[in-house]
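Following: one structure in structure tokens, then a few remarks.
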Amino acid sequence: MAGSQLKELKKSLKEQGFTGQTNVKKGSKKGNKRQAREYDRDERAQQISKIREQFSPFELKMNRDKRPSQTGKNTAHKAAGKPGISKQIGEEQRLAAHEARERRKNKLGGVMDRRFGEKNKDLTEEEKMLERFTRERQAQSSSKKKSIFNLDDDENEDFPTAGSEDLYGGTLTHYGKSLAVEDDFEDGDLGLDQTKRSASGFEDEGPARKKTKAEVMKEVIAKSKFYKQERQKAKEKLAEEIEDVDEEFDDIMSELAAIPKQKTQSITKEDSSDKQYDVQVRELGLEKRAVPADRTKTQEEIDQENLEKRQKLEQARIHRMSGMDGIGEDDDQGVEDLGDDFWVGENSEDEGEHVDNGFDMDDVQLPGDDRGKHLENSQTAVSSIVPCPQTHDDLMDYLENHNLQEYPSLVKGIIRAYQPRLAAGNKELLSTFTGVLLRYILSLSDSYSDGDAKELGETQNELITILKSMAQKYNDSLSLTCQEIVNDIHLRFKSQRSHGLLVSDLVFFTLVGYIFSTSDHYHLVVTPCNVLMGELLEQTKLNSFRNVAFGAILARISLTYQRLAERFVPELVYFFEKALLTLLPISKKDRLSKGLSVIKCDSNDLKAPSSISFKESDECTLSLRLVSAEDAQVTEKDKIALVCNILASVDDAVSKIWKNLSCLPELVATFEPIMTAYRQHYPDLKPLSTLADKFKRLETLNEHYPLALQNHRPLSIPMHTPKFEESFNPEKKSYDPDRTRSELNKMKAQLKKDRKFTMKEIRKDTKFEARQQIDQKKKEHSDYHARMARIVNQISTEEGAEKSKYEREKRLRNSK
Amino acid sequence: MALTKDEIATCAKRLASSNDRRHYNDIVKLVSQYPTMSNVELGTFENEEPTLRYLTLALLPVFRKLFTRGQLNPTKASSASEKQFFLWCRKLYNSFKSKLLHCISTIPFESSLALDCLDAYMQLINQEAIHLASHEDAPFFPNKTLKALLVALFKCDFPSSVDAADGHSKNPVVLEFAQSYYQKYVDIQYYFQAELAGLTLEPDSLKNHDHTQLMAKWLSIMNHDNHYTSGDADLEIFVPQPPQAMENENQFRTNLEKNWLFFLNLGGLSATQYKTTLLILHKRVIPHFHTPTKLMDFLTDSYDLGDHVLSLLALNGLFELMKRYNLEYPRFYTKLYHLVTPGLMHVKHRSRFLRLTDLFLSSTHISANLIAAFIKRLARLTLDAPPGAIVSVLPFIYNLLKKHPTCMIMLHDPDYISNTFAEPDQVALVKERRSQYQDPYQMDEPNPELTNAIGSSLWELDSLTNHYHPNVATLAKIFSQPFRKHSYNMEDFLDWSYDSLLQAEVTRRLKISPALEFEEQGAPLGNYITCVNW
């Protein structure tokens, strides 16, 4: 560039035709020229701004392109931004925001939210409302007035006059004067004043003269003095009286001592009746208020309710069966929570043995006179009469001297006497008693052959029903006892394998099945029982009639366990095979020839008779009493019954459980040779033929085709070969095939950028703020100094004026 | 006639202290003190025993003195008369030895005397090696003397000396010999085997004895790790100058092999002895053999005995031979298949069987037919098995299926899937296939290759998902889930039993109360359980 900036500017302005002579020749036509100017205005502004840009090189930010562009045109500089302007814009915006802040400063205030927990996120809407309500209530009760709007509030003031304090605590005034003076009409002594006033009013016709302030004050002082005097007088009088009494105190006391005591006694006697009365009144007061009774439900409604309840329980059972425990848990809790309602609760219709203390006692169960006695008993100290047995021996001792039939009622007596509501600690006692009762029932069954079996059975049944109802409340202790018993049986069986099984064990398994839900996927009591039964079925040596019979009964119990869940018990298959083979009346040699030797038999002398001579061969009921007798003679009939029983069990198992299994043909195949062998010996045994028919029918029904268990979506295999990009573009930020990862990276980059930008902005803001502050300070300083200077100036001018005045005066005086 | 301890002491002292030949007649007197033991009573023997023991201990130094004086080696005699005297001494010495052997072989009960005699005899062997060598410091081992001892040891016999648990001998003399001599000294091992090999060739030397006893003694002597041919054996030499021949390891192996085979082929061995032998076969027998494949006959015999455990162990031995020594044994897997019997699930050694079968079937080159047969048979057996057995069989089958994916057809046959979106004729085809299907599996076929198991399906495993024990049922469900796991560690599943299952249950804490039955089923001891009269 040649020449100075000014020269350049002038030159370029001239070139554009902004300065100097414009087209003189063309300017001959006036209108045309003006029109042209109008038209050029925009262009002109553009030109000017271009020139301006050209002459201030820092207005524009340039980006140098490092790579030579494809087209070969090397446009060296590319305008990318105008830092000056953008800075200015930012500055302006900040200034505006700052000013807005300054304006608001010390003027706008927030509202403090003093309400409770409005911003507390932990509270639910309902809790918030509740809390607000209580706050409000408290505030009202603590303030003197219950409610400012309550008109009935001031009961003492029968005549709410204009002068009394109004709602807002102030007094009514007129022209600043209280209107309360009107009150004085009430007072009798001022009546005179009134007459006086009326008299005076009569005199001067107009309104009473307004008292001066001094007069009012005087009146007030006089009044207060008068009241003070009154109070002093009263006080003096009281003091005197007290002094008198003090002096006479000894005399009074001696007189009181002299009064004979009998008199007081009579008073107390009178009091006792009073007291009774008081007690009664209090009792009545404390008694529950009469509440309208629930409407008596119709039979239909009751049935409906029962049905719903059962459906709910059934649903919970099905959930447990399929192993979804979360739902079952809730229900269990429900049983636990029954608490005291248990006795009057759900099974009140069932057996009628729900035992509540006194009020809700079932009349069917116990005669009326008995009831009264029991009521008394339960409320006084029954505990001393009826002990609550905590060990097995205690219960034995307690029941020893009684008849068998009395046992259930005696046990009920114990339970009744130790209702948890009667005394603390009863709950623990009863929960221990539950376990004791269970063990006692089991021990009863071991003395089976002794007494009358039928009676014993009935007693046991009753005791078991009691136990079942107890189980609802004392579930935990009962379960623990069951676990212990399971362990006991297991250990006993391990130590003496051959004759380990007792009648009580069978009763125990039955009882567990009766009380607990056997269909659960996992059950704390039933699962161990299942395992134990499996062990007994599999490992008991079938070397005596008794063992086989016990096994058959155990198999029955196991089948009963699985009646709902229909689970497969392999040990049953094993036991059936083994037992049937043991009882099969053919020699070992024949067995080998028929391919039946696969399972080893423990004994060879338990064969059933080779042919049946009697007709009642359909009898398949086993008598436990007969079986359990140690030295019982086993007749052929018993053996046939046992065979029938086992066949019936197989029948049950097939038709209830195995028929749903995919391996039914395999199971049938294992029994087939045994069945044919039996059929050869007993061609007209009824269970045999029915079972064979059933096998055949099921076989035809059952569709047996290969499994397709792995019918899943095919698993995808991860690929590890590298992937080449056909048209790679370095501009593209990422070729990540993982969508989520690339997105994540993108987000991260964005975040980083934003973060940088925000940091920069914040820095700028703070700098701006600092600048503003300094400016403000400077301004304040200068203001101050200016003000001070003005004041000094003023003073000095005043001083100067005074001085000159003084001088002038002085001069005048001197001149005089 | 019987001398007291004091008399013995004075005689022995006199003999040991001086070289006076006049006292030598006392030796005759002392040696003749030993009574015949063949029908001695325990009660009377107890009185005599201390004196006899004292006598043995006294005579030992006397003869040792004779050895040092060189009076027992006739070749060293300088004159004819001296030679005659030496021969007389030698005869005396031989009679002493025979007395000792007599004590060892004939006392029919446990006694300290026999042990003392053994010790004394071994001392004499040592002395002989030193003094009876052809010349001073010449290598020599008195193998004839040792052979006499061997005969005595194997002859020695008293009732109930065989341990019932592992078939070892309880004879203290044999045990003492094994412990303090055989297991410590390399030369004794070598000459023991050499002499024994010679002995077995003699027609009626050993075979007349009770075979069980013989095997028991043999086992007691051989059941240790400190062998001549063991790599890290810690052995010493018993005699100071053993001959060079002893270093011939091949000869030792040959002898040992011969002896083992002799004893194993004796016949009449007890089952426990078979078992013990099979158990030590890998570590203590096969490494010392030239050609271990010679054991095949013994192993086949043990398999044929019929005992399930023995058969299994025999197969284990055979497998080892096949794997390491290229034994050709074509019917191995058939034999293994025969061991999968219905009783297998109910016996204790089930876990051992599965462990070994896991090993046998670990090769991926076994035919799919064979694997399928094993899988199907095991699956069939689970139908009446206890939960412990099922729990161990399920992962086993899983691992097999994973290793042999061709067998997956038994779990998943895509031809029988009915697809609801398929063409009608396809649906009809599937339906027809289903109705036509006949299970081709033959449970009774003895040859696993011909059972057609691969054409069958594992319905048994599918049914087990309905097992009464929740854990078993859950485990059975692995077959219907994707096979993602590479393999199950069998050791975690093998050792479950009713005992451990119940223990796991009983120790469980009550967290939630067990659910109760809500339905009424009539009287508990009446119609709740049918067909039982309570």
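The values are calculated or read from the model by the stated rules, or taken from the named source; none is laboratory data. A quick note: this is a predicted structure, and the numbers were derived from the prediction, not measured. With ideal geometry, Cβ positions are generated from the backbone for all residues, glycine too; neighbour counts draw on all protein chains shown.
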* Structure fact -> Within the range B:432-457, residues exposed (fewer than 13 other Cβ atoms within 10 Å of the Cβ) and over 25 Å from B:Ile371 (Cα atoms) come out as B:Glu432, B:Ser435, B:Gln436
* Asked: Just checking, how many residues over the range A:740-771 are among the acidic types (Asp, Glu) and under 45 Å from the mean Cα position of the chain (by Cα)?
  -> 2
* To do: Report whether or not A:Ala708 is surrounded by fewer than 21 Cβ atoms within 10 Å (Cβ to Cβ) and among the hydrophobic types (A, V, I, L, M, F, W, C).
  => yes
* To do: Kindly establish whether B:Ala152 is in a helix (DSSP H, G or I), under 20 Å from B:Val239 (Cβ atoms) and modelled with pLDDT of 85 or more.
  => no
* Structure fact -> Contact list, first residue from the range A:741-770 and of a type outside the set (Lys, Arg), second anywhere and assigned to a helix (DSSP H, G or I), beta-carbon distance below 6 Å, six or more apart or interchain, is A:Phe768/A:Arg94
* Asked: If A:Thr434 satisfies every condition in (1) at pLDDT below 80; (2) buried (at least 16 other Cβ atoms within 10 Å of the Cβ) but one, which is the exception?
  -> (1)
* To do: State whether one or more residues within the range B:313-322 are more than 14 Å from every other protein chain (Cβ to nearest Cβ), free of Cβ contacts under 8 Å to residues at least 24 places away in the same chain and farther than 22 Å from B:Ala271 by Cα.
  => yes
* Asked: Going through the range A:519-539 one residue at a time, which ones are crowded, with 23+ Cβ neighbours inside 10 Å and more than 7 Å from chain B (Cβ to nearest Cβ)?
  -> A:Val526, A:Cys529, A:Met533, A:Leu536, A:Leu537
* Looking only at the range A:544-589, and only at residues there that are among the β-branched types (Val, Ile, Thr) and at the interface with chain B (Cβ under 8 Å from one of its Cβ atoms), the one that is farthest from B:Val347 (Cα to Cα) -> A:Thr560
* Give the residue that is nearest to the chain's Cα centre (by Cα), with candidates limited to residues of the range A:667-684 that are closer than 20 Å to A:Lys578 by Cα and more than 14 Å from chain B (Cβ to nearest Cβ). => A:Met675
* Could you list all residues from the range A:686-721 that are in contact with a Lys or Arg (Cβ under 7 Å, 6 or more places away or on another chain) and within 7 Å of chain B (Cβ to nearest Cβ)? => A:Glu703, A:Tyr705
* Tell me which of these B:Leu150 doesn't satisfy, since it passes every other one: (1) without any contact (Cβ under 8 Å) to a residue 60 or more places away in the chain; (2) of a type in the set (A, V, I, L, M, F, W, C); (3) assigned by the TED database to the domain that holds B:Phe63. => (3)
* For A:Ile51, work out the one condition from (1) part of a helix (DSSP H, G or I); (2) modelled with pLDDT under 70 it doesn't fulfil. => (2)
* Could we say that A:Lys639 is touching an Asp or Glu at 6+ places or on another chain (Cβ under 6 Å), farther than 25 Å from B:Tyr468 by Cβ and modelled with pLDDT of 70 or more here? -> no
* **A:Ala471 vs. criteria over 20 Å from A:Arg556 (Cβ atoms) and within 10 Å of chain B (Cβ to nearest Cβ)** => yes
* Asked: On the given criteria, is B:Leu429 under 19 Å from A:Leu707 (Cβ atoms) and surrounded by 15 or more Cβ atoms within 10 Å (Cβ to Cβ)?
  -> no
* Restricting attention to the range B:288-327, report how many residues are under 25 Å from B:Asn255 (Cβ atoms) and assigned to a loop (DSSP other than H, G, I, E, B). => 5
* Please find, among B:Leu299, B:Leu281, B:Leu370, the residue that is surrounded by 21 or more Cβ atoms within 10 Å (Cβ to Cβ) and at pLDDT below 85. => B:Leu281
* Could you list all residues from the range B:351-375 that are assigned to a helix (DSSP H, G or I) and touching a residue at least 60 places away in the same chain (Cβ under 8 Å)? => B:Ser351, B:Leu354, B:Arg355, B:Asp358, B:Ala368, B:Asn369, B:Leu370, B:Ala372, B:Ala373, B:Phe374, B:Ile375
* Determine whether the range B:32-46 contains at least one residue that is modelled with pLDDT of 80 or more, in a helix (DSSP H, G or I) and surrounded by 12 or more Cβ atoms within 10 Å (Cβ to Cβ). => no
* In the range B:387-504, which helices (runs of 4 or more DSSP H) lie fully inside it and hold 3 or more residues that are away from chain A (no Cβ under 12 Å)? -> B:387-403, B:424-436, B:491-494
* Of all residues in the range B:468-486, which are at pLDDT below 90 and surrounded by fewer than 15 Cβ atoms within 10 Å (Cβ to Cβ)? -> B:Gln481, B:Pro482, B:Arg484, B:Lys485, B:His486
* Counting just the residues of the range A:489-518 that are more than 10 Å from chain B (Cβ to nearest Cβ) and either among the hydrophobic types (A, V, I, L, M, F, W, C) or in a helix (DSSP H, G or I) (or both), which one comes out surrounded by the fewest Cβ atoms within 10 Å (Cβ to Cβ)? -> A:Ser495
* May I ask you to verify whether B:Ile417 is modelled with pLDDT of 90 or more and assigned by the TED database to the domain that holds B:Ser487? => no
* Some residue of the range B:292-302 being in contact (Cβ under 8 Å) with a residue 40 or more places away in the chain and either hydroxyl-bearing (Ser, Thr, Tyr) or closer than 18 Å to B:Glu195 by Cβ (or both) -> no
